[in-house]
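Down below is the structure, laid out as structure tokens.
The values are calculated or read from the model by the stated rules, or taken from the named source; none is laboratory data. Values in this document were obtained by computation on a predicted structure and should not be read as measured data. Heads up, the Cβs are rebuilt from the backbone with ideal geometry, glycines too, and the neighbour counts pull from every protein chain shown.
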Amino acid sequence: MQNAALSIIKTEGPSALLAGLAPTVLGYGIEGAMKFGVYEVMKPVMAQVVSDKATAYILASIFAGAIASIILCPMESARIRVVTDKDYKGLSLVQCLPKLISEDGFLNLFGGLWAMLSKQVPYTMAKQVSFDIVATFLYGVFATKGLAAIDIKWVVSVMAAFVASLFACISSQPGDMILTETYKGRSNSGFFGVIGNIYKSGGVPAFFTGTGARIVHVSSIITSQLVVYDIVKQLLGLPATGSH
């Protein structure tokens, strides 16, 4: 990564490292808000549909992940074009999206939707649901030791977040491979064609290429996200995740 960054700076200048920043910030900002917000809203809704709490959480996370994917797709399409296409270089998000629509059509903004869903739905489901379940389990364990929830809520939050980050990285790695290959633009064979190409390159293990590096890189980000998410919930007067 260091060599790649130095090479980009040398050939294109430091500003090239910030190419596509606007759609990244806006896209992932809204996507994150939807992912966490819709999940919390849908949990009680799904609890009315199914009696099993874990199943309700899974359904809520699938819904949240799908909504987040739909919102993120156009932003990801814009980001890729700004970074990789010289005709889009230097364009702002407001300039890029209309140009994409006029050249390729509105629906083409969602050309990578199935690939996005293959990553974001397992990612959201593993991250959100495992965080809830592991936190609930830890509160139960600590309660048997006579510890009050308020005394150990930060310990539980960090521990549950870290475990959730591992589940999220591993479960979404195949989807991340599919998404990467889709947005590279090297295949015109569609979603299932991309899956076939990855499988041909190395079988099932090919879908987990780079998992170790991704865990090291992404797990710290996910852990931080979930801890902040838990803090914000409590600041808003909601109970800590898993404590009720």
(request) Give the residues of the range 43-63 that are more than 16 Å from Ile133 (Cβ to Cβ) and in contact with a helix residue (DSSP H, G or I) (Cβ under 8 Å, 6 or more places away or on another chain), sorted by residue number. (result) Val45, Val49, Phe63
(message) Against the definition (among the aliphatic types (A, V, I, L, M) and more than 22 Å from Ala164 (Cα to Cα)), how does Leu117 come out, yes or no?
(response) no
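Just checking, which of Cys73, Cys96 is outside the structural domain of Thr223 (by TED's automatic domain parsing), at pLDDT below 85 and more than 22 Å from Leu226 (Cα to Cα)?
Details: Cys73 fails: at pLDDT below 85.
Result: Cys96 is the single residue among Cys73, Cys96 that is outside the structural domain of Thr223 (by TED's automatic domain parsing), at pLDDT below 85 and more than 22 Å from Leu226 (Cα to Cα).
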(message) Tell me whether the range 116-123 contains one or more residues that are touching a residue at least 60 places away in the same chain (Cβ under 8 Å), closer than 28 Å to Thr209 by Cβ and among the basic types (Lys, Arg).
(response) yes
(message) Suppose we filter Ser224, Ser165, Ser171 for residues that are at pLDDT 90 or above, buried (at least 20 other Cβ atoms within 10 Å of the Cβ) and either of a type in the set (Gly, Ala, Ser) or not in a helix (DSSP H, G or I) (or both); which single one remains?
(response) Ser165
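Hey, which of the helices (runs of 4 or more DSSP H) in the range 49-159, taking only ones fully inside, have at least 2 residues that are more than 25 Å from Ile30 (Cα to Cα) and of a type in the set (A, V, I, L, M)?
Numbers: elements: 53-84, 93-104, 113-124, 130-144.
Per the criteria, 130-144.
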(message) I'm trying to understand the selection: among the residues of the range 85-115, which are without any contact (Cβ under 8 Å) to a residue 12 or more places away in the chain and of a type in the set (A, V, I, L, M, F, W, C)?
(response) Leu91, Val94, Ile101, Phe106, Leu107
(request) Scan the range 187-218 for residues that are in contact (Cβ under 8 Å) with a residue 40 or more places away in the chain and in contact with a Phe, Trp or Tyr (Cβ under 7 Å, 6 or more places away or on another chain) and jot them down. (result) Phe191
(request) State all residues of the range 32-62 that are of a type in the set (S, T, N, Q) and farther than 18 Å from Lys233 by Cα; if no residue qualifies, say none. (result) Gln48, Ser51, Thr55
(request) Looking at (1) surrounded by fewer than 20 Cβ atoms within 10 Å (Cβ to Cβ); (2) in the same structural domain as Thr182 (by TED's automatic domain parsing), find the lone condition where Val121 falls short. (result) (1)
